[in-house]
Structures are given as C-alpha cells and as structure tokens.
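Worksheet: the structure to be examined is printed underneath.
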Amino acid sequence: MSATVNAGKKAATYVDDRFASANFFKRSLGKVFPDHWSFMLGEIALYSFIVILLSGTFLTFWFKPSMVEVIYDGSYAPLKGVEMSEAYASTLDISFDIRGGLLMRQIHHWAALFFVAAISVHLLRVFFTGAFRKPREFNWLIGVGLLTLALVAGFAGYSLPDDLLSGTGLRIAQGIMLSIPLVGTYLSWFVFGGEFPGTDIISRLYAVHILLVPGIILALVTAHLIMVWYQKHTQYPGPGRTNENVVGYRLMPIYMAKAGGFFFAVFGITTLVAGLVTINPIWAYGPYTPDQVTAGSQPDWYIGWLEGALRLMPNVETVIFGFTISWNIFIPAAVVPGLVFTAMALYPWFESWVTGDTKEHHILDRPRNNPTRTGIGVMALTFYILLWIGGGNDLIARFFDVSVNAITWFLRIGIFVLPPIAFVITKRICLSLQRRDREKLLHGRETGQILRLPHGEFIEIHGPISVEERAVLLSKPEVEPLALPPTEDANGVKNKKAGRNRLRSRLSNWFYGDNIPLPTPEELAAADAHLAHEIEQTTPVLDEATALRVGTPGVIADEGVLHDDPKLVAAARDAARTIEAERGENKS
Amino acid sequence: MTDNSPTPQSSSAAETGTDVVARNQGHDIPGLPPHRPRQTDIDPRAAKRAERQVALMFLASALMTVLFVIAFVQIPTTDTWPVPFFNATINASNTALGVTFGLAIFFIGAGAIQWAKKLMPDKEVVQLRHPLKSTQQERDEAAEVFWDGADESGFGQRKIIRRSLLLAMGLFPIPLVVMLRDLAPGPLDLGVLKETLWEEGSRIVTDPLERPVRPADVPIGGVVSAMPANLTEVQHEEGNLNARAKAAIILVRMAPEDIQSQQGEGWDYQGILAFSKICTHVGCPIALYQQRTHHLLCPCHQSTFDLSDSGNVVFGPAARALPQLPITVDEEGFLIARSDFDQPVGPSFWERDR
Amino acid sequence: MRRSRWAALIAVVAALVAVGVAYAVLNAQSKAAAAPAESATSAQLEEGRKLFLEGCSSCHGLNAEGIDGATVNNGGNGGPSLIGVGSASVHFQVSTGRMPLAGPAAQAPVKTVEYTAEETEALAAYIASLAPGPASPSEEELDFSEADVAEGGELFRTNCSQCHNFAGRGGALSDGAYAPSILDATPQQIYEAMLTGPQQMPVFSNESLTVEEKQAILAYVDDLRTAPNPAGQDLGSLGPVGDGLFAWLVGIVLFVAVAVWIGARVR
C-alpha cells in the first residue's frame, strides 16, 4: 500500500513540477455538489452521449457510407441477391456477420433515444425550477443549442443505414427543404448533389453525423460543464441552504463514487436493453428505393412532434407571381420549430425583463411559487405532446379503433384550445398550493386527528410542521409586479418608453399579480403562539383519550373533549391513570 | 478563472440545526439539522454487511466479464433462444453478449453507488459562494490593460491598417463558401426537376419484375405499381433512383361509370387510370389504394386523394392533386404512356409553376 | 312433371360427376387437386345451398343477388350480390370469420369462425356454381416451397407493406378503415385476399400479380411468421413509435429510478 502511495506521490510531484496543479486539484476534489435525484438528469444525457461516442466509434470500423449499388450476399437469407446500397449492406453485415455488431448497433441507437429523452427531462427540471435565471442564462442557451444539435445528429444517424425508413425520412426532409421560399430548390440541389436521392447524401450525412455535429456537441458539453463547475450548482431551498452557500457532498470521494457509479449504471442498463430488445430492425424494412414505403413510416420519437405538425397542417399553398409557396409544409416544418426553439432560447431574458429581476439566483424555485412560469411550461408541454400524438395518429387509430381523420381534426382544434386550458389549470393549481403552504405556516400541519368539542363541534388537531419543511416554506422568494412608471416626467415631458413600460407592467402583473405572500413575521409569531397553545391544550387530552382507548384510532369520541378548563383535563387524566392502573393489576 | 472559495469550509451552523443562517422577508431560515448517523455508522455488523454487498457486486461484475468472453467465443451469431412466456425467439449471441456485458458494467456502477451511500461519510458539507461579478477595481484594471494595449498597437490611429485589415478579414471566408459550389453537380436544372422518363409511347411495366401490362391484366378494383420500361436502362450511377423517384406510377382500374372526372379528356384506357406514385406533399410513395372509395392514402402524413375525381385531395396536408399520366395501348396491345406528365411530380417547389 | 325435372337435373349432375370422377382418376398423377368449384358434388352444392339459405340469404338475398338499399355500412342489413364473386371470396370471408357479419362496422373484423371447413367448402362451391368467379387456389398454386423469398420481399414492399406494414402487422387506413395483420392468416386466405380484394383491399388478379409472384409473397410472409428472430424481443414491429415509447417508459424510468436511489437518504 505504502509503495502505491509513494508512487502516487512521485507522479503527483512530477505533474505539479510542470503544471503547478496542486491548487487546482485541491479545489476541484473538495468541490461540494448538492445531492438530489433531479440534479442527475443531465448526467444521464452526458453518460448516454459518452456511450454513443464509444459505440459509434465501434460502428465506424465496419460501416461503409457509400451509395454504390451492391448485390447482398451476407447471412440474412430474405435479402440474399437483392440490390442495395453499400451503406445498407454494411449495416446488415454489422448486424449479422460481426460478433457483437448487432449489440453495438442497438446500444448506439438506444443510447441516442435515451440521450434526447434525458436532455428533455433535464430541460424540464431546469425550466420548472427556474435554474436558468441569472447567472445561468448562457448555460440555458448552450443547453438549447445542445438539444437542437442532438436532434440533427439523431436524424442524420437515422438516415445513414439507407433502409426504407431512412430513405423515407430523407425524402420528407427533402420535401421540407423544397418548401423554403426562394432558396429551397437550390438548397436541396446542393445538399443532395442534384436530384433526390442522388448518390452523395449518405457520405455527406456521414461526415455531419460522425464529425461535425458530435464535435460541436462535445465542445458545447464541455462549456456547459465548465459553467456548472465555475458558477457552482444551484440547490433547493431548505434548512442551512442560502443563496450564498452550497450544501452537499464533496467530489472526492462521494461524487467520484456516485457520479462515476451512475455512468456505469446508465451504460449497463443501456447495454442490457440493447441485448434484450430490438431497435430499428433495418433488415425488416428492406433497402431504400424511392417507390416503396411501409405503413407506420415514422421518425424516431424526438422528431415525432415535427412529423405531427406536418400531419395536422391544413393544405394551404399559394402561387404568387408564378412562385409557389407551400405553407402546408413550410409553416409546420420550418416556422413552428424555428419559433419554438427561438422562444425557448430567449425565455430567460424575457422573464427577467418582465419581472425586472436582476439578482443572482442560486436557490431554486419551487414550481408552485412561480405559477405563471410553471403554467407557460405546462402549456408548452401540452402543445408538444399534442403534436407528438399527431405524429403517431395512424398507430393510435389502429390500436384504439378510431378514425385517423377524427384524430387529426381533434388535434387541429385541440392544438389551439388545450394549451391555454392547461395554462389556466396549472396556474390555479400552483396558487392553491401556495395557499396551502401559507395555511401550513399559519396553522401547522393537519394531523388527521379529530376532536369533538363539548358543544358537539368537530375540529381537526394541528401539529407543528418539521424544521425542514418550515425552512422550505419560509424560503419562498418575495415577488412584486413592477409598478407603472409615470408617463410624463416632472417637467411634463412625455416618456418615450411609456408604451413599452405599460406592456411590461401589465406582463409583470400577469406574472406575479396573484402571488400569495408569505405571512409577515408578526402574523407568523401570533400563529405560532396560537398553535403552541392549541397543542398544549390538546396534547394531554389526546394522551388520556388514547389511554382510554375510546373510539377508533385517530378519532376521539365523547371522552376526548377539548376545552379550556384545567380541572376537567386533570379529572380526565386521573380517570385515565386509574384505568391504566386497573389494567396493570388485571394483567398481573 | 479562479474559484472563489479556495478552501472548502464547513459551517458551524451545520452542527446545531438551530442557528439562523439566513433571513427572508423578516423570517429566520434555520441552519442545517443535526446529522443523523446511519445504521452503518453505529452498527459495525451493518457496516460489514454493506462491505460484503459492495464486494459481491464487484465480483459479480468480474464474473460477467468472464462469461462475456466465453459467450463471444462460443455462441454463433445465428443461434436463437426461446423467450420465456412469449411465443418468440431471440438472438442467442446478442442476448448473451448484451446481458453479460450489461451486468458487468451495471454491477460496477451499483457497487460504487452502494459503497458511497452506505460506507462513505454522509455528513453534508457547506461551501460558500461568492458573487460571480468582479469588483469595480478589477474591472477597471482589465479595461485599462485592454485600452493600453489597443493604444500601443495603434489600431485606433493607423486608419489605413485598420481598414485594410477589416477588408481582408471580411473577405477571407469567401473561398470557404465558394468552394462549396461543387456540392451541386452543375447549375440548378429546373427542366430535370420538371420532367420524368415518361414520353409518348413509353411502355408501362410492373414494378419490380418489369412485365409489360395488357389492359386485361388490370382488374377492376385492382392496383398495379409500375414504371416506364426504359427505367431499367438507366444505370444506378446515372441516376436510376432519381428517375425512379419521379417516374413511379400506379395503375388502377374502376368501372368507367365510377370515374367522375379526369385531369384530361380520355386520359384513361377503358377505366384504367395512371397516377404518379409520389405524394404531392413531401414525396412519400403513395399506394394505399382503397378500392371501394377509390381513395389513395399516403402512409406518411395521411394525405388522401380521390382517384375517381382527378386525383384531387380530399383530406390531409397535401395541396395538389396527384398528377395523372395519360395512357393508351400500342399495336401489340400493351399499355403505354401518351406523353410525360403535364406537370412536375412530387412536392411543390418555389419555381414549380414558372 | 316436377319429378321429371328433378330427375333430369340429377341425371345431368350425375353424368357430370361421373365424367369428373373419371377425369380425376385419369389425371390422378398429374393433378393433385382441382379447384373446389370444379370438383363440387351435387350433395356439396345442396348442402351449400341449404347453409346459404339459413345463414346468408337474409342479407345477400335468397338467390345471392344482394339486397338493395341500406347497406351494413350505413345501418341497414343489405348485403352485396354474390353472383360471380367466386369460391375464393367466399372461402376467404367465411374461413376468417369475417362472414357472417356480426353488426355494422367500418369494415368486417376477423372473428370466431362459424362454419367447419367442409361447410365453408360447400358454401364456396354453391356460390361458385351460380356464376364463374375467382376460384380458390389449388394446392399447386399455394405451394411456395420453390419460391424466392428475397424476390417475395421486394414484391411485398412494393405491393403490400404500404398498408400491412413491413412486418405484416397491419396499419390504419382513412375513415376508420384498416389493413389487418396478416400473420395469422393461412397462405390460402392470403392468396384469396389478393385474388378477390376484400373490403377496401385492391384486387391483385393472377394477371396483375402472377401466380409465381403470389407464391414469392407467400414465401416471404411465411418467413416473417416463422423465421427465428435475428435480434432481440421486438416491440410489436411497429416502427420507431414502439422504440420511442420503450425509451421513455422503460429506459428513462429505469435511469430516474437509479438517480432516486443515489439521491435517497440512508437510515
């Protein structure tokens, strides 16, 4: 052991002589991270990405990104003698003739699905807890960029094997390119090297898929992590947690083991899934030719919402001055995603402008404490899920025995009606939860024990809330809508920004107007005193009543009476003691 | 880049749980509650048990790695195993490799996590944050360094250098863009986009087995996927797929009285109609022909075309009727095209109607 | 008078049967089985007629001429004429349980078969005797042992997969109609479906899709059904939607479960 330690010391000295790295190591290894399961969602994405890089490298050793036509002669009998591209044939070889090849292909594809799914849940966590606020706006922006690139990488990868689904996806992508006004036809002409499908697109997508996009993703992921490192992680409110500290465990040894272990867990589960469950059976789809298609032609899940948008859009096309504009394609496939990603990217600045908030935030919001933001999030999620359903409308029709046309019409209307409803409902739920939090602070926790008063009234006994919960509730941030600045200054000069200010003030009111404030310290002190009194009053009675075993558990009938008369309480206590004593005697 | 808290320090507030660490709107936020020891902290036997669990997981991982190598060498890729409870089979090699490798990896992770949770210290540590912004003095100093340097360089004074540099910098990316020009084989050829292999007299043959079609071969209610006979002469590298992507058609036949309208007078042959197989929405091949309603449905986005009514759109996102190909028979009695399509097939594009 | 007419009919049928039997015996070596319509006996025809009158005539009319007016699709009980539909159609509809129809629906679903094989043969023979139509395939026609599976795959992807999906699992059509899964259908039923175009399915006559091509398709479908799965457990072979659902409902759920385990406090 000591030999190892000595060797380690030597190595460390060797490195430090050259890089003066001791200070860096000291700080890094002692770095504290807060512990919460929801902080590990981004890690799932990171680890999936590493798994994708590892498995993808393996696949490049055999995959041939070529559209040269070959006659298949591998071991998959139903395709023997069929003409296909070299890309497709080499993917079949990886699947059937290279040991472990199928496993790696399936790991790669599963990890890709997990990657985007993990990014999505991570994004939802960051959004709903307000982790994107100052000083982390740019890390949010990088995250949005990563999500976009993940979609591009995924779609390019989906297209590489040149099977029937790949080709159909590319055909749709080309149709979308063509719909872009003015430049669409040129774009397609350049991307495909002429007409669709041409003989170049696979090798071009290959470069995009294995070098360009993953390279940028890797760079952005690095920046993303450095920012988390440098700005330190946010934490949930609670006892001991303030905007000026981080409470958690050190990197060495806890997170070395936990985060390192989590990487292996993610990799292991992905591998198990890949060993047991088929994904993307390209051999069953057959090679791509532009005149064949299969029912249920869908993209991978993360493109499903765009597919849905394409399906729902009514058929509007106009010809102006002889130029054709396919609104039916351009709007759902280019305008909608453009707007969605732009809105998502700019949201942190929108919110801080509306709320006038310029403070640093390291304590996360509970979603209920920002009902408008939470409402916006649920509204966006509803919109997304409806489009997603649209992308699978044919399968839903098949399995729930409804008409595709009916689903499409339902969604065409629902996409406008349901998200606002979701917003209103969510906001109301959040406000109710805020009211309940306030109730809890003022009246304590509901114990579930019912007392009947002498005059017959039933009341529920309240108990004090835990220190942890109290700390969480008391950490609720103070928010106030922005006041409307005067439209004229003291000299009667009109404020040029009056209109903008009015809009901002209105939005701010919409954001924070119906916030339920924390009780004031005075209110809380009074409530605490009252609660303490109530507990003092009820506890002995409860004890006696429990001793008397009267009524069903938790419900105390006649003898369990709440009142102010200490004499009666004493009498009840005496009675209980007598009974206890008798019982003791009977037992012996 | 400096970390603002060089030495991690634990706060004494963490010990008691009652100390006030912060104030919010006049309220006191209590400090960390006292640390509660775990079973493994107080019971040596529990700690020993946890130690054994962790070691067992690492050993299981090692065993799985050994099994993986055995499975890799022993199991041919073509073997299959039955799936318990399912009437199905599963590839033996893939399953064995996936399960052994997956468990080998997973157990390392599970062991490490268990180790951290049960045996490593679980007392929470407090580290202080510092405001991320620099002090005004630091900002001023940085600005000074910058402006001093800028002055020394003369970038501000030497106008000619500045402007010529900006010009050069502005121009130098141009070659990078210009070189992308040859991504396309030549100038945009609208004619190619608007024409297909069909021409007067092109014989219609079935896809994929290339049999010429007689009118009698197409039954009422039937559908035949077809292509021009000369498509097979186009080699792959000459763009066979490109030609196929435009020329693919379907033949359907309906009772002549069922045909409400056509895109051209008499473009059918005895109730046989030929339509492009490429959807006018985004170009999926479209052949879900429902013979009773004469509707043709696209499996990609559910555009529905009524073939008995000029191929007009009756549902879905496609905006244009499916192009119809006028057909007749040649002297040998085989179906032929009377001309090319009278419009571009497939998705719309900007210059489509020019 | 009446008796003599029957006698004449029976005599004619008997003569036909005699000739048929003789022909069959003479050709025993070359032809294993002829189409049911050709080899129908008078007893079979009579049984078929009886079964038809009992089970089918209420919708299809006493003489199979069909009943005009409201059809099953819009609430009535009128069925189409069966004159000239041929034995293939009858065998397909009855042997898959689609007929007799249980009630009005967008299309007749597969359900419990109500007639035995013999009864189905008899019904088919009776309908085929009314007017010529596509006959059920002979055993020879159904023999796909020599067919090229790969070619069948190409034909399948050109002609079948757009509705029935790449793995034969079926898919949705417009207005509530659907293409059913074909994996539980027998080769004869698949052949007959191609030949007759039941419901919304188009007709693939022996001219538009030759017998050899149909056999290749049968071989490919048989491979879909019976060949050992070359990979892991499939998720219904529905394409990427099934994969995506699994990624969320199993993959992400498992990962989050591990994350919760990591973050949970230990007692």
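Under the condition of being open to solvent by 50 Å² or more (accessible area, probe 1.4 Å) and within 8 Å of another protein chain (Cβ to nearest Cβ), the residues counted in the range B:213-253 number 4.
Would it be correct to say that B:PRO173 is outside the structural domain of B:LEU273 (by TED's automatic domain parsing) and open to solvent by less than 60 Å² (accessible area, probe 1.4 Å)?
Values: outside the structural domain of B:LEU273 (by TED's automatic domain parsing): yes; open to solvent by less than 60 Å² (accessible area, probe 1.4 Å): yes.
Yes.
Being part of a helix (DSSP H, G or I), within 7 Å of another protein chain (Cβ to nearest Cβ) and surrounded by 23 or more Cβ atoms within 10 Å (Cβ to Cβ) narrows it down to one residue among A:THR185, A:THR168; which is it?
Values: A:THR185 fails: surrounded by 23 or more Cβ atoms within 10 Å (Cβ to Cβ).
That would be A:THR168, the only listed residue that is part of a helix (DSSP H, G or I), within 7 Å of another protein chain (Cβ to nearest Cβ) and surrounded by 23 or more Cβ atoms within 10 Å (Cβ to Cβ).
Looking only at residues in the range B:185-212 that are within 17 Å of B:LEU251 (Cβ to Cβ) and of a type in the set (Asp, Glu), the one that is farthest from the other protein chains (Cβ to nearest Cβ) is B:GLU210. Filtering the range A:286-298 for residues that are crowded, with 21+ Cβ neighbours inside 10 Å, under 26 Å from the mean Cα position of the chain (by Cα) and in contact (Cβ under 8 Å) with a residue 60 or more places away in the chain leaves a non-empty set. The set of residues from the range C:152-172 being at the interface with chain A (Cβ under 8 Å from one of its Cβ atoms) and more than 17 Å from C:ARG225 (Cβ to Cβ) comprises C:GLU154, C:THR158, C:GLN162, C:CYS163, C:GLY171, C:ALA172. Would you confirm whether any residue within the range A:191-198 is free of Cβ contacts under 8 Å to residues at least 60 places away in the same chain, in contact with a helix residue (DSSP H, G or I) (Cβ under 9 Å, 6 or more places away or on another chain), farther than 24 Å from A:THR318 by Cβ and assigned to a helix (DSSP H, G or I)? For the range A:191-198, residues free of Cβ contacts under 8 Å to residues at least 60 places away in the same chain, in contact with a helix residue (DSSP H, G or I) (Cβ under 9 Å, 6 or more places away or on another chain), farther than 24 Å from A:THR318 by Cβ and assigned to a helix (DSSP H, G or I): present.
Of the residues making up the range B:302-332, those that are open to solvent by 20 Å² or more (accessible area, probe 1.4 Å) and assigned to a loop (DSSP other than H, G, I, E, B) are B:ALA319, B:ARG320, B:ALA321, B:ASP330, B:GLU331, B:GLU332. Selection of the range B:93-133 for residues being within 30 Å of B:PHE68 (Cα to Cα), in contact with a Lys or Arg (Cβ under 8 Å, 6 or more places away or on another chain) and facing chain A (nearest Cβ under 7 Å) yields B:SER93, B:LEU97, B:ALA112, B:ILE113, B:ALA116.
Among the conditions (1) farther than 30 Å from A:GLU468 by Cβ; (2) within 9 Å of chain A (Cβ to nearest Cβ), the only one that B:VAL69 does not satisfy is (2).
For the subset of the range B:167-210 comprising residues that are outside any loop (DSSP other than H, G, I, E, B) and of a type in the set (Val, Ile, Thr), which member is nearest to B:ASP342 (Cα to Cα)? Write out each step before concluding.
Keep residues of the range B:167-210 that are outside any loop (DSSP other than H, G, I, E, B), which gives B:167-171, B:174-183, B:190-194, B:203-206.
Subsequent filtering for residues that are of a type in the set (Val, Ile, Thr) retains B:174, B:177-178, B:192, B:204-206.
Values: B:ILE174: 41, B:VAL177: 37, B:VAL178: 36, B:VAL192: 14, B:ILE204: 17, B:VAL205: 20, B:THR206: 22 Å.
Looking at the filtered set, the residue picked out is B:VAL192.
Scanning the range B:282-294 for residues that are over 21 Å from A:ALA309 (Cα atoms) and either open to solvent by less than 30 Å² (accessible area, probe 1.4 Å) or at the interface with chain A (Cβ under 7 Å from one of its Cβ atoms) (or both) yields B:ALA287, B:LEU288, B:TYR289, B:GLN290, B:HIS294. Against the test of being open to solvent by 60 Å² or more (accessible area, probe 1.4 Å) and within 27 Å of C:ALA150 (Cα to Cα), the options B:GLU210, B:GLU144, B:GLU200 yield a single qualifying residue, B:GLU210. Please indicate, with yes or no, whether at least one residue in the range A:329-349 is assigned to a helix (DSSP H, G or I), more than 11 Å from chain B (Cβ to nearest Cβ) and open to solvent by less than 10 Å² (accessible area, probe 1.4 Å). Checked the range A:329-349: at least one residue is assigned to a helix (DSSP H, G or I), more than 11 Å from chain B (Cβ to nearest Cβ) and open to solvent by less than 10 Å² (accessible area, probe 1.4 Å). The set of residues from the range A:21-80 being within 14 Å of chain C (Cβ to nearest Cβ), small (Gly, Ala, Ser) and assigned to a helix (DSSP H, G or I) comprises A:SER38, A:GLY42, A:ALA45, A:SER48, A:ALA77. Residues of the range A:299-328 that are more than 20 Å from A:PHE410 (Cα to Cα), open to solvent by less than 10 Å² (accessible area, probe 1.4 Å) and within 7 Å of another protein chain (Cβ to nearest Cβ): A:ASP300, A:THR324, A:SER326.
Is the range A:193-208 home to any residue that is open to solvent by less than 10 Å² (accessible area, probe 1.4 Å), at the interface with chain B (Cβ under 8 Å from one of its Cβ atoms) and within 30 Å of A:ARG368 (Cβ to Cβ)? There is no residue in the range A:193-208 that is open to solvent by less than 10 Å² (accessible area, probe 1.4 Å), at the interface with chain B (Cβ under 8 Å from one of its Cβ atoms) and within 30 Å of A:ARG368 (Cβ to Cβ). Could you list all residues from the range A:103-134 that are closer than 28 Å to A:GLY356 by Cβ, modelled with pLDDT of 95 or more and over 13 Å from the mean Cα position of the chain (by Cα)? The one that is closer than 28 Å to A:GLY356 by Cβ, modelled with pLDDT of 95 or more and over 13 Å from the mean Cα position of the chain (by Cα): A:ARG133.
Looking at A:ALA117, A:ALA153 in this structure, which one is open to solvent by less than 10 Å² (accessible area, probe 1.4 Å) and either under 18 Å from A:ASP300 (Cβ atoms) or in the same structural domain as A:LEU218 (by TED's automatic domain parsing) (or both)? Don't jump to the end; show me each part of the working.
On the way: A:ALA153 fails: open to solvent by less than 10 Å² (accessible area, probe 1.4 Å).
The conditions single out A:ALA117.
Looking across B:LYS133, B:LYS118, B:LYS123, one residue alone is over 30 Å from A:ARG99 (Cα atoms) and either without any contact (Cβ under 8 Å) to a residue 40 or more places away in the chain or within 32 Å of the chain's Cα centre (by Cα) (or both). It is B:LYS133.
Has the range B:56-77 got at least one residue that is assigned to a loop (DSSP other than H, G, I, E, B), under 32 Å from the mean Cα position of the chain (by Cα), touching a residue at least 12 places away in the same chain (Cβ under 8 Å) and assigned by TED's automatic domain parsing to the domain that holds B:LYS118? So far as the range B:56-77 goes, yes, one or more of its residues are assigned to a loop (DSSP other than H, G, I, E, B), under 32 Å from the mean Cα position of the chain (by Cα), touching a residue at least 12 places away in the same chain (Cβ under 8 Å) and assigned by TED's automatic domain parsing to the domain that holds B:LYS118. Checking the structure you have, find out if any residue of the range A:128-150 is of a type in the set (A, V, I, L, M, F, W, C) and in a loop (DSSP other than H, G, I, E, B). Among the residues of the range A:128-150, at least one is of a type in the set (A, V, I, L, M, F, W, C) and in a loop (DSSP other than H, G, I, E, B), which makes the answer yes. Residues that are surrounded by fewer than 23 Cβ atoms within 10 Å (Cβ to Cβ) and over 18 Å from A:PRO287 (Cα atoms) occur at least once in the range A:76-98.
The values are calculated or read from the model by the stated rules, or taken from the named source; none is laboratory data. Note that the structure is a prediction, hence the values are computed from the model and not measured. Cβ atoms come from the backbone with ideal geometry, glycine included; neighbour counts cover every protein chain shown. Surface accessibility is based on the protein's heavy atoms, side chains included, excluding ligands, DNA and RNA. Shrake-Rupley method; radii C 1.70, N 1.55, O 1.52, S 1.80 Å.
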